Amino acid sequence: MSVNQNRRRFLRYLLASPVVAAGQGLLQLPESEPIGTLTEAINVLDFEPAARRKLPPAHYGYLATGVEDDASLRANRTGFGRYYLRPRRLIDIRKLDTQIELFGTKWESPIAFAPIGNTMAFHPEGEIPVAHAAKSRNVVQILSNNSNISVANAAEARGGPVWFQLNPVNRWEVMEQMVRRAEEARSPVIAVTVDTQAGRRTDTFERWKRFDKRDCKVCHGTERSDFYRRKGNYQNLDLTGLFGLNQEFSWNHIARLRKMTTAKLLIKGIETGEDARLAIESGADGVVVSNHGGRAGDTGRGTIEALPEVVDAIGSKGVVLIDGGFRRGSDVFKALALGARAVCVGRPYIWGLAAFGQPGVERVIDMLRAELQLVMKQCETTSIAAITPAYIGRSTPA
């Protein structure tokens, strides 16, 4: 049986599940082939099957997986349905301004590229096409420290600084050296990820791997350090005993990082008001409300539902960004109405990258921006600043 036949068999198994059907609200539509050109896409979700067709099963599974039963993954999407829009009428909407300012820099829209590591699993040039797309569309790009290219290479491809994500590892001196490299590349913002230190169980990924008959060791090696040797930000560092989890990492380490760098500091992976306050008290300039795209813990709570308490806790003391499950312009609008300054998307631009390279990434951002502009006009908000809590309501559970 071919790889594609195995994929189809696995997808039929998933879609036949009443749990999946109920959780996703799937409609029975005629079967169709994945899009073959950019112009065939109706919305960004059309890029997902196109990417799935291009990718090896293990690589697709790594991208698609949540943790355990994927409850958080589903909650990121279903959470948007608990909020509705409250549109206004009879306002002149001929001129629309989607620009925002973050840390003194203006951007064309509040939609940013979330950090995703190991991007060569999805495109042979890794993060380079993403950086080119970020330049052409004036998009914030947050580069993972587990990227295949270095932060300096990304900045060169971007034609300007990129933001840098720092995943805590078990050796402080390695983290310090990566911060220095980010500073040398003039990264203005460092986002410290804090939601994966306990480890995780990626069951969906493990199931997809069974359909991939390639020898993973050919690319990934056999030693733990082989993973880091292939990453641009770890080049020429002492990798002895390095491990990608640091379970002693605490608020004291955040305060220590604050003293180490003059870059703006974001704490990524915050889901409660209590931790949002601690982030600001520890010296952070803001937070990213995130559950790692449903890949951190199986909490069953979507980030859009965690957003209000984080915004309330921080107030005017810092900025709040968010990621997790954003697929439509209306999703972005709801987050902005709830107080987020910007929205980070991850899987959608990787779908575009895997299917069509840089043009696919650009098409994804263009479609999300167009949808956001449409929702803004429908609600008659002519600027991002005009999108307030008055334009949103929360449904009462039945």
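Rule-based calculations on the coordinates, nothing more; no lab input. Please read all numbers here as calculations on a predicted model, not as lab measurements. So basically every Cβ, Gly included, is an ideal-geometry build from the backbone, and we count neighbours across all protein chains shown.
Note the full-extension length gain between LYS95 and GLN373 as 0.36 nm times their separation in residues minus their Cα-Cα distance, in nm to one decimal.
Details: separation 278, 0.36 × 278 = 100.08 nm, distance 1.05 nm.
Extra length from LYS95 to GLN373 when fully extended: 99.0 nm.
For SER383 and LYS317 in the same chain, what is the full-extension length gain: residue separation times 0.36 nm, less their Cα-Cα distance, in nm?
On the way: separation 66, 0.36 × 66 = 23.76 nm, distance 2.27 nm.
Using 0.36 nm per residue and subtracting the Cα-Cα distance, I get 21.5 nm.
Find the all-direction average of the projected area of the Cα convex hull for the chain, expressing the result in square nanometres with one decimal place. The partial results should precede the final answer.
Details: hull surface 79.1 nm².
Taking the Cα atoms of the chain, their convex hull projects to 19.8 nm² on average.
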Quiz item: Using alpha-carbon positions, what is the distance between the centroids of the range 238-284 and the range 152-231, in Å?
Solution: 16
Quiz item: Among ARG94, ARG224, ARG295, which one shows the biggest mean-square fluctuation in a GNM of the chain, springs joining Cα atoms closer than 10 Å?
Solution: ARG94
Practice problem: Sort 385-394, 263-272 for me by packing, meaning the mean count of neighbouring Cβ atoms within 10 Å per residue, highest on top. | Solution: 263-272, 385-394
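With each run of n ≥ 4 DSSP H residues scored as -39500 (n - 2.57), what mean residue ellipticity at 222 nm is computed for the chain after dividing by its residue count and rounding to the nearest 500 deg cm²/dmol? Don't skip to the answer; put the middle values down first.
On the way: 17 runs with 165 residues, N = 398.
Mean residue ellipticity at 222 nm (helix-derived): -12000 deg cm²/dmol.
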Practice problem: Give the Cα extents of the range 63-109 along the principal axes, in whole Å, largest first. | Solution: 47, 32, 17
Practice problem: Once you've got the GNM for the chain with C-alpha springs shorter than 10 Å, pick whichever of ILE384, ILE111, ILE91 has the biggest mean-square fluctuation. | Solution: ILE91
Quiz item: So for TYR84, TYR349, fewest C-beta neighbours within 10 Å to most, what's the order?
Solution: TYR84, TYR349
